[in-house]
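Chemist: Got a structure for you, questions after.
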Amino acid sequence: MNPTRKQMFRLGIVGTDNTHAYQYAGFINGWREDVPIPVRLPSGEPVPAMYEWAQVLREFTNDGSLPGFQRSSQARVTRLWSGQPEDADLLRNACGIDVICDSPEEVARDVDAVLVLSEDPAEHLRHAETALRAGLPTYVDKPMAPDRDTAEKIFAMAREYGAPCFTGSSLRYSEELRSFRQYALARVGTFRGMYVQVPIDNRLYGLHAIEMIDMFLGSDVVRVSGVRSRCRQTVCLEYTDGRTATYETLGYLARPCQNLVINGTHHDVTTQIHGIGLIPADFVHAVLRMLTTREDLPSERAALRFIDIRAAAEEALRTGTPQTIDRAETRS
């Protein structure tokens with residue numbers, strides 16, 4: 001359904017085992033002032049960068065931006081399932097979520113769209129299935145699936161039941177990164193190459209790097225090489241026209257940041273995007289717009305292409321042998 005101005009767009013969230021559910025629920029519903037925003041994962045692992053998006057959320061609340069942000073979508077998270085009961089109770093208390101569900105399947109009842117935010121991509125097909133069969137617009141967190149075959153099953157189910165379905169990196173919707181792309185285009189003209197640095201590892205953050213590279217160079221990658229050390233993974237992408245891009249995942253970074261170098265024919269430009277301050281707000285706004293309007297969704301073809309590249313990178317890192325990708329495509 002496409003809600004009118006007076007209708008509330010009801011959202012269900014599946015999974016809280018990373019920080020993403022905190023961000024979505026906080027920006028969409030608001031977060032009570034007397035409830036501290038966690039700076040640890042449900043596992044107990046500290047996440048210092050949580051301070052950054054929490055600060056943005058509090059600033060939005062205090063300066064009056066958050067009510068306007070919420071009115072623009074008329075959305076609210078009304079149902080939630082979590083494999084961590086304490087985490088579910090925290091979000092219900094902090095964000096005023098109406099129903100804590102006993103299973104992922106229950107989240108798809110009495111809602112207009114579903115966000116699958118569980119961290120393990122191997123669970124995403126099961127967690128999304130009920131929503132897709134109900135024809136509900138469904139966002140699936142990245143990585144969408146552990147492999148291309150599973151992702152194709154998710155998209156096939158979405159097509160069969162007429163459910164808009166998409167995935168993607170939050171960085172693609174960062175206003176800071178989009179502005180930098182325009183600056184780089186004006187400064188260097190034709191992009192000849194690129195270097196990107198992201199945190200953690202290729203399994204979780206490789207898609208962030210691949211989608212940022214796609215914004216500048218496209219995705220017609222034909223060969224992928226990789227080198228792995230204890231806290232660093234380095235991946236080189238080779239394109240059909242001879243251009244190259246290199247990305248690195250750094251496991252020792254205590255705070256998320258993204259470093260980019262764009263190579264032109266005569267000039268280079270660089271930028272660094274620190275932490276996760278405004279990025280979640282930009283992304284939540286974009287996802288809500290796509291869920292409510294069902295327009296401008298990232299394409300299935302692009303999502304599968306990025307999965308192919310990440311899988312090739314994983315294999316190259318594992319074996320030390322360059323991988324060839326046959327299905328070359330241009331940027332979506």
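Values quoted throughout were computed directly from the atomic coordinates according to the rules given, and no laboratory measurement underlies them. Just so we're clear, the structure is a prediction, and the values are computed from it rather than from any experiment. Cβ placement follows ideal geometry from the backbone for every residue including glycine, while neighbour counts extend to all protein chains displayed.
Chemist: Would you mind pulling out the separation of the Cα centroids of the stretch 275-327 and the stretch 162-211, in Å?
Modeler: First find each Cα centre; the distance between them is then 9 Å.
Chemist: Which one of Val35, Gly15, Leu115 has its Cα pushed farthest toward the positive end of the charge dipole of the stretch 9-167, where Lys and Arg give +1 and Asp and Glu give -1 at the Cβ?
Modeler: Value: Leu115.
Chemist: Using the per-residue mean of other Cβ atoms lying within 10 Å as a proxy for protection, in what order, highest first, do the peptides 96-103, 61-68 fall?
Modeler: 96-103, 61-68
Chemist: Now for a separate question. Among the complete DSSP H segments of the chain, which ones combine at least 27 Å of alpha-carbon extent along their axis with a mean Kyte-Doolittle hydropathy of -1.0 or more? Display every interim value, and only then the final one.
Modeler: Values: long enough: 300-319 (28 Å, -0.13).
For the chain, where a helix must reach 27 Å along its axis and average at least -1.0, the hits are 300-319.
Chemist: Could I ask something else about it? If Lys and Arg each add +1 and Asp and Glu each add -1, what is the summed charge of the other residues whose beta carbon sits under 11 Å from the beta carbon of Val269?
Modeler: So the environment of Val269 carries a net charge of +1.
Chemist: Which whole-percent values make up P(r) of the stretch 1-160 when all C-alpha to C-alpha distances are grouped in 5 Å steps starting at zero?
Modeler: For the stretch 1-160, the binned pair fractions read 2, 9, 18, 21, 20, 16, 10, 4, 1, 0 percent.
Chemist: Sticking with this structure for a sec: When N counts the residues of the stretch 198-283, how does its alpha-carbon radius of gyration compare numerically with 2.2 N^0.38 Å, as a ratio?
Modeler: This ratio for the stretch 198-283 stands at 1.12.
Chemist: Separate question: Based on the inverse mean of 1/r over its pairs of different Cα atoms, what is the Kirkwood hydrodynamic radius of the chain, in Å?
Modeler: Details: mean 1/r = 0.0490 Å⁻¹.
About 20.4 Å for the chain.
Chemist: Using 0.36 nm times the number of residues separating Arg58 and Cys257, minus their current alpha carbon distance, what extension gain do you get?
Modeler: Separation in residues times 0.36 nm, less the Cα-Cα distance, equals 69.5 nm.
Chemist: Report, in deg cm²/dmol and to the nearest 500, the calculated mean residue ellipticity at 222 nm for the chain, where each DSSP H run with n ≥ 4 adds -39500 (n - 2.57) and the sum is divided by the residue count.
Modeler: After summing the helix terms and dividing by the residues of the chain, the value is -12500 deg cm²/dmol.
Chemist: Another question, then. Run the dipole for the chain about the Cα centre, Lys and Arg Cβ at +1, Asp and Glu Cβ at -1, nothing else charged, and hand back the magnitude in debye, nearest 20.
Modeler: Its charge dipole is roughly 680 debye.
Chemist: Let me ask another. Once you place label points 7 Å from the Cα toward the Cβ at Glu86 and Arg318, how far apart are they in nm?
Modeler: Modelled inter-label distance: 3.4 nm.
Chemist: On to the next question. Mind checking the alpha-carbon convex hull of the stretch 152-311 and giving the volume per residue in Å³?
Modeler: Dividing the Cα hull volume of the stretch 152-311 by its residues yields 120 Å³.
Chemist: Please sort 143-149, 24-30, 225-231, 109-115 by packing, taking for each peptide the average over its residues of neighbouring beta carbons within 10 angstrom, highest first.
Modeler: My ranking of the peptides, most packed first, is 24-30, 109-115, 143-149, 225-231.
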